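Engineer: Mind having a look at this structure? Questions to follow.
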Amino acid sequence: MMSKILIYPFVLLVRFYQSALSPFTPATCRFEPTCSSYMIEALQKHGLFYGGYLGIKRILSCHPWGKSGYDPVPEKECSHKH
């Protein structure tokens, strides 16, 4: 519950970008899902710090000399001890 409260402002910021700014810029994201969708999913799945790290890492790799294609948010690892 606390994690959802912490990430909410960041998700709103990305949603604002998606609806207010992105339509006026050329579609240049090299990945699927887009970097903004990836950021939201990473925050929701991994929380503010690791999810934010993953999202920023993805945005920084979205350039003409970087990778491209399908790049999903990694699944959350289970920490079960046997």
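The values are calculated or read from the model by the stated rules, or taken from the named source; none is laboratory data. Bear in mind that the values here come from a model prediction, so they are computed numbers and not experimental data. Glycine also receives a Cβ, built like all others from the backbone with ideal geometry; neighbour counts cover every protein chain displayed.
Engineer: For residues that are surrounded by 13 or more Cβ atoms within 10 Å (Cβ to Cβ) and over 9 Å from the mean Cα position of the chain (by Cα), scanning just segment 54-67, find the one that is modelled with the highest pLDDT.
Structural biologist: Among those residues, the one meeting the criterion is Ser61.
Engineer: Quick check on Val73: is it part of a loop (DSSP other than H, G, I, E, B), under 11 Å from the mean Cα position of the chain (by Cα) and either surrounded by 13 or more Cβ atoms within 10 Å (Cβ to Cβ) or among the aromatic types (Phe, Trp, Tyr) (or both)?
Structural biologist: yes
Engineer: Somewhere in segment 10-26, is a residue among the small types (Gly, Ala, Ser), in a helix (DSSP H, G or I) and either surrounded by 11 or more Cβ atoms within 10 Å (Cβ to Cβ) or in contact (Cβ under 8 Å) with a residue 12 or more places away in the chain (or both)?
Structural biologist: Within segment 10-26, one or more residues are among the small types (Gly, Ala, Ser), in a helix (DSSP H, G or I) and either surrounded by 11 or more Cβ atoms within 10 Å (Cβ to Cβ) or in contact (Cβ under 8 Å) with a residue 12 or more places away in the chain (or both).
Engineer: Just checking, does segment 56-72 include any residue being out of contact with any Ser or Thr (no Cβ under 8 Å at 6 or more places or on another chain), touching a residue at least 40 places away in the same chain (Cβ under 8 Å) and farther than 20 Å from Met2 by Cα?
Structural biologist: Yes, segment 56-72 contains at least one residue that is out of contact with any Ser or Thr (no Cβ under 8 Å at 6 or more places or on another chain), touching a residue at least 40 places away in the same chain (Cβ under 8 Å) and farther than 20 Å from Met2 by Cα.
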